[in-house]
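What follows draws every value from the coordinates through simple rules; no lab data is involved. Worth saying up front: this structure is predicted, and the values here are computed from it rather than measured. Using ideal geometry, Cβ is built from the backbone for each residue, glycine included, and neighbour counts are taken over all protein chains shown.
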Amino acid sequence: MGSRFSLDGRVAVITGGGTGIGRGAALVLAEHGADVVLAARRPDPLESTAKEVMALGRRAVAVSTDVTTAEACRRLVDTTMAEFGRLDVLVNCAGGAETKSILKWPDDDFENVLALNFKAVWHLSKAAAKPMMDQGKGAIVNISSGASLLAMPQAAPYGAAKAAVNNLTGSMAAAWAKKGIRVNAIAVGAVRAATLTDDAARYGLDPEAIALSNGLADWANRTKSVTASCSSHPMHRASVRARPCTCMVPPAPPVSESCAQQATYAIHSYSARHDSDHGSRDGVI
């Protein structure tokens, strides 16, 4: 990679950083030179990813926390500043979905899905924006989903929460552009991660079938929709190694299979730019 893709000396905070897309984000950013702070609820996956990052020659701090509360988000930013003295990149990746028909959603489950997929983005972005403003620049990358653009009868709160993330991304981008903060969202498609495999096992299905159906059918009957929905997936398969994350270092080319097939889903990218120069716009910040 050329210098335009270098993140040397930069610090990235990644939520959901122990597994899946979050892990992929940590490795991609570390490969480009960033030190990382990994945040998630489960400590073991965090420590494993931290070791992978350090094997790349970068520093890594693992923080076991619940980013659905404003106080936890403030503490995470405080920890980052105490450890590194700066915060350049925030990747809001923590998320998850449950599947139920709309009338069967308990209120508590509804609130939990909104807290993890939307409120966490709100709280942590606000907390991270303050040191970024003090620095004069920064970047926030919100992991949205193709579900934000589809009718999701079996995961309605999840789709609605991700749609809210899309809108919030644009609002924050417009609000903070003059402060040098870029805010973007990546709406990913199906990713071949542990949650996908778990869903397949639950219903006795092939993980590839679930991935290809891309949320268009009832989870227990996804194999019926594979043929119809394959045509909407550009490479007819789920992302390998959860690495659509190369999109996080724009305008890097699609250097991995994952980015090539996920690029179609990275369709919600909002950027509000001010006329004054806030540093390089070639890379992630």
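Miscellaneous remarks
- In straight-distance terms, cross-link reach from Lys179 covers every one of the lysines whose alpha-carbon lies under 19 Å from its own, apart from those fewer than eight places away in the same chain; here that gives Lys126, Lys130, Lys137.
- Each of Ser64 and Glu47 was given a label point 7 Å from its Cα along the Cα-to-Cβ line. The distance between the two points is 0.8 nm.
- Annotation: extensible slack from Leu103 through Leu56 equals 12.1 nm (criterion: 0.36 nm per residue apart, minus Cα-Cα distance).
- For Ile14, Ile140, the sequence from fewest to most other C-beta atoms within 10 Å is Ile140, Ile14.
- Summed residue charge, Cβ within 14 Å of Phe118's Cβ, Lys/Arg positive, Asp/Glu negative: +2
- P(r) tail, the stretch 31-126: Cα-Cα pairs separated by more than 17 Å, 56% of all pairs.
- Size of charge dipole - the stretch 1-83 - debye, nearest 20, with Cβ of Lys, Arg +1 and Asp, Glu -1, no other charges: 120
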